[in-house]
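Chemist: Got a structure here, written out as structure tokens. Questions coming.
Quick note: the coordinates plus some simple rules give every number you see, no bench work behind them. The model shown is predicted, which means the values in this text are computed figures rather than measured ones. Positions of Cβ are backbone-derived with ideal geometry, glycine not excepted, and every protein chain shown enters the neighbour counts.
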Amino acid sequence: MAGGGGGAVGMRLNIMTALYLPILGYAMSTFDINPDALVIKSDNLEAYAVAKNKTVPLGDRFEANILYELKPSEEQKAALEAIKEGEHAGGEKAEEDHNAKMMFKPHVLIDESNSVKGIYYDTLEAKFFLDTEVLRAQMGTEMTKTFSFKAKVSAKTIGGKGFEKDIEESFTVFKPFVEVQSNSVPSLIAECENSLRFNAIGYDPTQLVLSDRSSGLNVNGNTITWSPKGDTTVITVSARTPDGQVREIDKKGFRIKPTPSPVAGIRLENNTQFLSSSDLLGYQEYFELVIRPDESFVKDFPKDARYRLDEVTIEIGKRGLAPEQTTLDSQTLKEFFNTKGRAKNEDIYIFSALDAMGRNMIAAQIQIRIDKINRINFQNKAIPVDVNTFKSSFVYNAR
């Protein structure tokens, strides 16, 4: 998460406090040194409020510590030198005074009239906390806003002397802005391999959680690759906060377009042009039943633009007699399938009316009708295609 503040300063203050306090306590119980020289007084102790993060996304928890900086006087510095000399002279190290082990346990009073609403001090954790969600109304239409707080810290130091310090800190709250990046197409296509990437300003991609309404899919991270259904969907962008919660950042709505219909046609074997309704077709003549995907669709979704015929009806019209027909199932059509069209993104089935009917007859008219066709998507899932959305029936006079 974006932010900063207090890292290096906090380390310096903690190290000084951790080192200096035990030395003073140890000295008071071990060496013959004026005790007044080792008492921490208000004028050589500073207290600070240090924010864990100076910038916080709206909805996250703000956190700040109280840190202390010791400023030893010249007399105290001399006392510390005497302690070091005594140790080098072979003096035995006495048990540390109990007070030397105690860290500050201050009483903190927040100046509510000069502090952001909702901030509080947790005595057990010795930290300031604020759930920034309470600031949403106060921020209004502003994208960023700076808040501050003040407090009075009262405590006793080693030696029993009291001190009182005023502390203050400021921090900036911002509304996370979610940007959407698609997989090179301007809109989502139903039941195809769609991929969207979301960039949420102020959050690391690994913190994000994406939820799709149309499929119920939830993914961790800033990228979702899936097959949406329906006409519209909503992606909810959430983030895992430092305290382990999943908090919603934004919602993005998307229109889902239907898959473009394929193109079907009949052409004589090894020809490139489809037959027109005025062309003739021989009963024993081999023809190619071709299924071709929409050009823009196969360009944008190459893994989703495959088709499989599952049922085709051949009807033969005869002069003065009732027509005869047969239905070719998926297994039979599979035998007629030819792979030569794959290079041009075509699914080709090669056969003749004679092959379909299984016996010779005198035909006046030949009708070829696609009854069932499926599109095979990137997940290898068969999705029915409505045959009424494209030209699926062809009738030719026989020659």
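Chemist: Pull out the extension gain between residue 154 and residue 234, defined as 0.36 nm times the separation in residues minus the alpha carbon to alpha carbon distance; nm, one decimal.
Modeler: 23.6 nm
Chemist: Report, in whole Å, the centroid distance computed from the Cα atoms of segment 348-399 and segment 172-232.
Modeler: Using only Cα atoms, the two centres lie 40 Å from each other.
Chemist: With labels modelled as points extended 7 Å from the Cα through the Cβ direction, what inter-label distance (nm, one decimal) is found for residue 250 paired with residue 374?
Modeler: In this crude label model, residue 250 to residue 374 measures out at 4.0 nm.
Chemist: Turning to a different aspect of this structure: Can you pull the one-decimal nm distance between simple spin-label points at residue 78 and residue 295, each 7 Å off the Cα toward Cβ?
Modeler: About 9.6 nm separates the two model spin labels.
Chemist: Set the Förster radius R0 to 56 Å, insert the Cβ-Cβ distance between residue 126 and residue 383 as r into 1/(1 + (r/R0)^6), and round the FRET efficiency to 0.05.
Modeler: 0.40
Chemist: In whole Hz and in residue order, list the ³J(HN,Hα) couplings for segment 50-59 that follow from phi through the Karplus curve 6.51 cos²θ - 1.76 cosθ + 1.60, θ = phi - 60°; x for Gly and Pro.
Modeler: Residue by residue, segment 50-59 yields 10, 6, 5, 9, 7, 10, 10, x, 4, x Hz.
Chemist: Exceeding 27 Å between C-alpha atoms, which entries from my cross-link table qualify? They are 334/391; 257/391; 318/391; 54/117; 175/257; 229/299.
Modeler: 175/257
Chemist: Hey, with R₀ at 51 Å, roughly what FRET efficiency would residue 329 and residue 180 work out to, going by the Cβ-Cβ distance, to 0.05?
Modeler: Computed FRET efficiency for residue 329 and residue 180 comes out at 0.70.
Chemist: Give the cross-link partners of residue 344 among the aspartates and glutamates, using a straight C-alpha distance below 13 Å as the criterion and excluding same-chain residues fewer than 8 apart.
Modeler: By straight Cα distance, residue 344 reaches 294, 295.
Chemist: So between residue 107 and residue 365, what do we pick up on full extension, going 0.36 nm a residue minus the alpha carbon distance?
Modeler: Working it through step by step, the gained length comes to 82.9 nm.
Chemist: State the extension gain, in nm to one decimal, for the chain segment bounded by residue 273 and residue 340, taking 0.36 nm per residue of separation less the distance between their alpha-carbons.
Modeler: Once the chain is fully extended between residue 273 and residue 340, it gains 22.5 nm.
Chemist: Need one number: nm distance between label points at residue 286 and residue 257, each 7 Å from Cα along Cα→Cβ, rounded to one decimal.
Modeler: Distance between the two pseudo-spin positions: 3.9 nm.
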